[in-house]
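The values are calculated or read from the model by the stated rules, or taken from the named source; none is laboratory data. Here the structure is a predicted model, which means the values were calculated and not measured. So basically every Cβ, Gly included, is an ideal-geometry build from the backbone, and we count neighbours across all protein chains shown.
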Amino acid sequence: MINCIVIDDEPLAVRLLESHISKIAELNLVATATNALEAYRILQTQEVDLLFLDIHMPDLNGIEFLRSLNKRPPTIFTTAYREFAIDGFELEAVDYLLKPITFERFFKSADRILRQVQKENEDGFMIFKSDGFNRKLLLKDILYFESMGNDIKVVLRDEIMLIPKISVAELAARLQDNGFLRIHRSFIVNRNLVTAVSHHEALIGKISIPVGRSFREAFDNFARLFSAKRLF
C-alpha cells in the first residue's frame, strides 16, 4: 500500500484527486492539506510515500515547499500552469499533471509509481517457520495463502507448505505493503500473479479463488486497476 497525501488549496481539485485515488487499490489517501504548513505537520506525524502537490498555494508555493524538505517523498505535481514544469523535473518529480486531470492521465502517472514499487518488491522475502525450520520464501514465488484451521497453507510456484499457528488476519497485516491482497476470509492472493478477474473470483493461472462478500470493495478496486492496465 502506498500512503499518499494531497496538498492543494482548491476544494474541487482535492475532491477530484480523492476520487481518482479511491479507484486504485494500491493507493491509500492518509490526509489532505490546503497549504504548506498543514503539509509539514502531516509529514511529521504520518508515514507518507507519495505527494500530490499543487504549485500555486498561499504563503509558500509547491516548488518552494518541496525544496525546503530534507527528505522528499516521490512527488507528482498537479497544476494548471505549464511554465513550472522545468522546475518540477529539476526537483526529480515523478510527473507533472495539468489540470483538469482526467482519470486516464492520473492512472498513467500512478502506474509509474506502482511499477517502481513492484520492482522494488520483486526480490522481497519473508521468513516463516515450517517443519521445525525457519524458511526464507521469496514473495514473487508465492501464489496465494489459504487458511486451514489454525494453520496457513502456502501455495508456491513449485510446492505447497504449511505455516502453523498464524491467523489470516495476522498474515494479511504482515503482507499488506508487499503486493498481496486479502479477498476472502480464508484467502490472500499475490496481486502480481493474478491472471484474470470476475465479480466473484480471481484466477491465478487455472486456480480459481473466491471473493468474499466482506472483501468485495477492496477487490473491486483492484479489479478496476487490473482491467485498466489492459486497456492502455
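Scanning the range 41-60 for residues that are among the charged types (D, E, K, R) and in a loop (DSSP other than H, G, I, E, B) yields E47, D49, D59. Residue check: V30 meets all listed conditions (1) surrounded by 20 or more Cβ atoms within 10 Å (Cβ to Cβ); (2) touching a strand residue (DSSP E or B) at 6+ places or on another chain (Cβ under 8 Å); (3) modelled with pLDDT of 90 or more but one, namely (1).
When you check E64 against the structure, is it acidic (D, E), at pLDDT 95 or above and either farther than 24 Å from R191 by Cβ or surrounded by fewer than 19 Cβ atoms within 10 Å (Cβ to Cβ) (or both), yes or no? Criteria not met by E64.
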